[in-house]
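*Asks:* The structure under discussion is supplied below as structure tokens; questions concerning it will follow.
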Amino acid sequence: MFCSTLPFSNQSTVSGTMSNSDDISQLPDCILHHILSFIPTKDDVKTSILSKRWKNLWTSVSNLDFDDALLYKEIEGEDPPDEICFMNFVDRVLLFRDTSTIHKFRLSCRVCFNPSRIHSWISSAIIHNVHELDLCLFVEDPFLLPQSIFSSISLTTLKIEMNCVLQLPSFINYPHLKTLHLSLITFPDDELTQKLFAGCLVLEELVLLDCEWTNLKNVMISSSTLKRLTIDDLPYFGPPDDSRGCKIIIDAMNLVFLKYTGYLSNEILLCGVLELMKADISVSILHERQKEVAFHVVDLFNGIQNVGYLRVSKRTIESFVFADNKVVHFPVFENLTHLELSMKIGNSTIEALMKFLNSCPNLQSLNFTEGFQHDMCLKENDLTWSTLPKCLKTLKFKNFHGNDSEICFLKCILQHGLVSDMMNICWCDYLLRDQKWQKEGAKLLDVDPFLLVLDRWLYFLKDLDEAIYRFLGSFEFC
């Protein structure tokens, strides 16, 4: 229950124990506050009945967490509290709180209960100079957040999850905000949206999850301090011929991490990025809009051409096929040393992959995490191997079935000397314990293995003629 006056069970037993040996009560307030910050707010309040020493400690605890999920959770032996009880509890906690700073304030509730009271709770957190504000609000009608949120001098982290238009004031200023997470919100228009991002003067992390961009046409996210950017777009449910979409320009010279997941119906352009360390790109392509999305993928890749570690999944690589006339101007990834392919490679993907590998002259590590599709049909003469970079040190191939296309691909990698140190091959689950087939697979790769068995790992080692294979290391089968 949320009521602060509820007694603990077996209160007399607890009190007797504490009176005999109450070492914890002798600790300084700062340590007790730190301990209380790790337990739910409703339990913080209950500690007030332990003794006079504890009576007012909860009023200055640094973290407050209010979640109405308990209203819908059945607890054995207890009746779930109603909405009035929840709101009264939050009111009382904030009313009796002292003037100390709130480090973290989290509120998750349905706004339909009482919008004005929820508005006042958020305002109270701002008044107490909250550092981290986490709001998860389920609304049925438009809800206006307190304007004080958008000019807080104390906020370092702001997280807003709210399924409606984010109403923004004309003046936005966050002098110390380093982390901004926005989920499910609908951006209002170009001007106010751009003011929101421009008002984050020292922003380092920006996360945009399932946000709605339909009201926007052109918006720029410009920040010289931004280091990490994550965009997870909503699935597209519009008509196939709907050309709506906006242009998002990201000007972030110090960006080191980028993650994008979605249908890329918007055009995302990166500019001025000096040294992108890691990028994770996962694009799904609608059949009706495959060429448009493919162009967007190429534009996005043009902006990350200095990336060092790249992970791609779903149909990202396949989009290069649909954007054939634009791939002529595909960038060279001079800094790319690690490439991870987190999707099954198929007939429609392999040619585009080979073209992409030609643009990676310094690639050192190539990782196939899902292997090849079962209907993959590949022959040795199907691909041009001589132009591929010969700087690979390691190649990892997971979900290996030992079919003809996989064998052909790996043999060509060896014969053309494309790997210098180690090839790591991981069997698919149903062949993991079939040692007979594993030996056959090694023979098909033309490897006479020196076999070591260690737990689940089977190591196939062979000294190869470096003049032919340029292969110095080992095969590793798991």
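The values are calculated or read from the model by the stated rules, or taken from the named source; none is laboratory data. Everything numeric in this text was worked out from a predicted model, so none of it was measured. Ideal geometry is used to build each Cβ from the backbone, glycine not excepted, and the neighbour counts take in all protein chains shown. The accessibility values were calculated without ligands, DNA or RNA, using every heavy atom of the protein model including side chains. Shrake-Rupley method; radii C 1.70, N 1.55, O 1.52, S 1.80 Å.
*Asks:* Considering only DSSP beta bridges with both partners in the range 131-187, what is the antiparallel share in %, to the nearest 5?
*Replies:* On the way: 0 of 12 bridges.
Expressed as a percentage, antiparallel bridges in the range 131-187 total about 0.
*Asks:* Moving on to the next point. Show me the chymotrypsin sites (Phe, Trp or Tyr not before Pro) within the range 115-206 that DSSP assigns to loop and that have at most 15 other Cβ atoms within 10 Å of their Cβ. If you can, show how the numbers build up before the last one.
*Replies:* Details: sites: W121, F138, F143, F150, F171, F197; in loops: F143, F171.
When the chymotrypsin sites (Phe, Trp or Tyr not before Pro) of the range 115-206 are filtered for loop state and at most 15 Cβ neighbours within 10 Å, F171 remain.
*Asks:* Distances longer than 16 Å among the Cα atoms of the range 197-237: what percent of all pairs is that? Please list the in-between numbers first.
*Replies:* Working: 371 of 820 pairs.
Roughly 45 percent, rounded to a whole number.
*Asks:* Sticking with this structure for a sec: So which of K217/K344; K227/K291; K227/K247; K217/K259 end up more than 26 Å apart, counting from Cα to Cα?
*Replies:* Numbers: K217/K344 35 Å; K227/K291 31 Å; K227/K247 21 Å; K217/K259 22 Å.
K217/K344; K227/K291, as the Cα separations exceed 26 Å there.
*Asks:* Just to be sure I understand: if I project the alpha-carbon convex hull of the range 156-204 onto a plane and average over all orientations, what area do I get in nm²? Before the final figure, lay out each step's value.
*Replies:* Values: hull surface 12.4 nm².
Here the figure is 3.1 nm², rounded to one decimal.
*Asks:* So, one more: As a test of reading the structure, rank F257, F301 by solvent-accessible area (1.4 Å probe, protein chains only), most first.
*Replies:* Working: F257 55, F301 0 Å².
So the residues, ranked largest to smallest area, are F257, F301.
*Asks:* Ok, one more. Where the Cα atoms of the range 295-371 are projected onto their three principal axes, how long is each span, largest first, in whole Å?
*Replies:* Sorted from largest, the Cα extents of the range 295-371 read 28, 28, 17 Å.
*Asks:* Okay, moving on. Which three lengths, in whole Å and largest first, does the range 140-183 cover when its Cα atoms are put on their principal axes?
*Replies:* 32, 20, 12
*Asks:* For the range 108-213, treating each Cα as an identical point scatterer without solvent, what Debye log10 I(q)/I(0) comes out at q = 0.12, 0.20, 0.23 1/Å?
*Replies:* Taken in order of the listed q values, log10 I(q)/I(0) reads -0.36, -1.09, -1.48.
*Asks:* Cα-based Rg (one decimal) and Dmax (whole number) for the range 152-256, in Å?
*Replies:* 13.7, 46
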